[in-house]
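The block underneath contains the structure these notes are about, expressed in structure tokens.
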Amino acid sequence: MSDESDKNIPEMLTDLPGEKSAEFVEMAEKYIPKGLYTVTPAFISESRGATIKDLDGNRYIDFATGIASLNVGHRPPKVMEAIREQLDKYLHACYHVTPYAPYVEMAKQLVELAPGDFSKKAIFLNSGAEAVENAIKIAINYTQRPRIIAFGYAFHGRTRLAMGLTASVQPYKKGFGVLDRNIYRTPYAYCYRCPFGREYPDCGLQCLKFLEDNLELHVSPDQIAAMVVEPIQGEGGFIVPPEGFLSGLRRICDEHNIVMIADEIQSGLGRAGKMFAMDHFDVVPDVITLAKTLGGGLPLSAVISKTDIVESVHAGGLGTTFGGNPVSLVAGMETVKIAQGSLDHANEMGEVMQKRFDEWYDEYEFIGDTRGLGMMRAIELVKDRNSKEPAKDLRSKILAECHKNGLIVIGAGPHKNVIRFLPAINIDEGILNKGLDIVEAALQEAS
């Protein structure tokens, strides 16, 4: 939450980049490959709560939170306290060699929290892509089937298999060669841009019917190990599926003994107003992947699975040297507790955001759609509401204006026309509104 110093947030002392950040921009051009793209040229010096300070003393409101890796804000006191205590004990030991209590304690915490009235177990890894890769590996081992169902507009990571599951060619897959041919892609329920040209609910969920038809005609269900789905698509543009879509996918999985994997890496742990976004749709997956905010700002990911599925793997078949680092685990346990206690606030602040979005929609014709749940919300920009042609250049201008005026906010979507909003779920309402004021001023400037 806020303190007296937040009254001066944001505070911009220089243009971007400032002199000190500019030195590192120049150095980065020499030593860091251009493939590692950065949104802003401001190099961070410190952070706290919902705010960031750069090397030149500029202070920003953070609506990006490290792409949802800091759901409960920067350096929460309880998280920092847990980290300091663990640093005085041991940094690492590798769970395979000499196991440690935090690994088991956090596994218990997540298993008891995850949806599903059945026995579950958890393993820890380092990144979202690593969690997805292991979830797929587990499902293939359990079913002894080779193929995976993934969705249009999906994002599941940048490693080889995860990149194959990811839908967007540019920038994620272009030039990286042939990917896994055992991935079958089917449309997601993106109602604003329905690939079938229909409108919900009169469409009868054509996207679901398309998948069912293809499972009969083109793809043998007995060859499909798993279906990997984001309950709310993240990089795809914060796409919230309509009622009946996810439950329909659950039914299909049940009918064909397909493992349903919910990628909650961006949508989970309070981001969408519930601990798991799947809970909004009353759908229980077989396997869940978590990452991003799970470590409270430190690298940590998890796979939570039905016991019979994950226990099909032989001893030694799972593991990683640094997965479930004890410092990350103690930070993660405190982060999960804070997220649990912030759900009501997250939903209240989400409504504050949506109210502003609705006002903007009425005011600005270039806003084609607003959507989201909890504190996972977005606006989609178009040149014309009838044609829905993406307004890419407009988004770039709006984001640049926000950055210039002290708000860190980022885009999403393969059409490069979505602005996504990821404030800390426990952000102070006053700071939230200051950030939204900056966005509104940028929209006015753009109009």
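What number of residues in the stretch 100-150 are β-branched (Val, Ile, Thr), part of a helix (DSSP H, G or I) and within 16 Å of PHE322 (Cα to Cα)?
1
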Among the residues of the stretch 16-63, write down those that are of a type in the set (A, V, I, L, M, F, W, C) and without any contact (Cβ under 8 Å) to a residue 24 or more places away in the chain.
ALA22, VAL25, MET27, ALA28, ILE32, LEU36, ILE44
Restricting the first residue to the stretch 379-395 and requiring it to be touching a residue at least 40 places away in the same chain (Cβ under 8 Å), which pairs with a second residue that is aromatic (Phe, Trp, Tyr) and in a strand (DSSP E or B) meet a Cβ separation below 9 Å and a spacing of at least six or different chains?
ILE379/PHE421
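For (1) touching a residue at least 60 places away in the same chain (Cβ under 8 Å); (2) within 23 Å of GLY270 (Cβ to Cβ); (3) out of contact with any Ser or Thr (no Cβ under 7 Å at 6 or more places or on another chain); (4) surrounded by 12 or more Cβ atoms within 10 Å (Cβ to Cβ), each residue gets a yes or a no:
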residue: PRO76; (1), (2), (3), (4): yes, yes, yes, yes
residue: ASP88; (1), (2), (3), (4): no, no, yes, no
residue: HIS92; (1), (2), (3), (4): yes, no, yes, yes
residue: HIS96; (1), (2), (3), (4): yes, no, yes, yes
residue: VAL104; (1), (2), (3), (4): no, no, yes, yes
residue: GLN109; (1), (2), (3), (4): yes, yes, yes, yes
residue: LEU113; (1), (2), (3), (4): yes, yes, yes, yes
residue: PHE118; (1), (2), (3), (4): yes, no, yes, no
residue: ASN126; (1), (2), (3), (4): yes, yes, no, yes
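Assess whether GLU440 counts as being farther than 30 Å from VAL336 by Cα, assigned to a strand (DSSP E or B) and out of contact with any helix residue (DSSP H, G or I) (no Cβ under 6 Å at 6 or more places or on another chain).
So GLU440 fails the test.
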Let me spell it out: the conditions are (1) without any contact (Cβ under 8 Å) to a residue 60 or more places away in the chain; (2) under 26 Å from PRO77 (Cβ atoms), and LEU290 meets all of them except one. Which number is the exception?
(1)
Give just the number: which of (1) surrounded by fewer than 20 Cβ atoms within 10 Å (Cβ to Cβ); (2) in contact (Cβ under 8 Å) with a residue 40 or more places away in the chain; (3) at negative phi does GLU359 not satisfy?
(2)
State all residues of the stretch 170-222 that are among the aliphatic types (A, V, I, L, M) and either at pLDDT 90 or above or under 12 Å from GLY152 (Cβ atoms) (or both); if no residue qualifies, say none.
ILE183, ALA189, LEU205, LEU208, LEU211, LEU215
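Taking the conditions exactly as written (assigned to a helix (DSSP H, G or I), within 28 Å of GLU243 (Cβ to Cβ), touching a residue at least 60 places away in the same chain (Cβ under 8 Å) and not basic (Lys, Arg)), does TYR153 satisfy them or not?
no
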Residue match in the stretch 285-307 (condition: at pLDDT 95 or above, over 26 Å from LEU318 (Cβ atoms) and either outside any loop (DSSP other than H, G, I, E, B) or polar (S, T, N, Q) (or both))
no
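The values are calculated or read from the model by the stated rules, or taken from the named source; none is laboratory data. As the structure is a prediction and not an experimental result, all values here were calculated from the model. For neighbour counting, all protein chains shown are included, and Cβ atoms are generated from backbone atoms with ideal geometry for every residue, glycine included.
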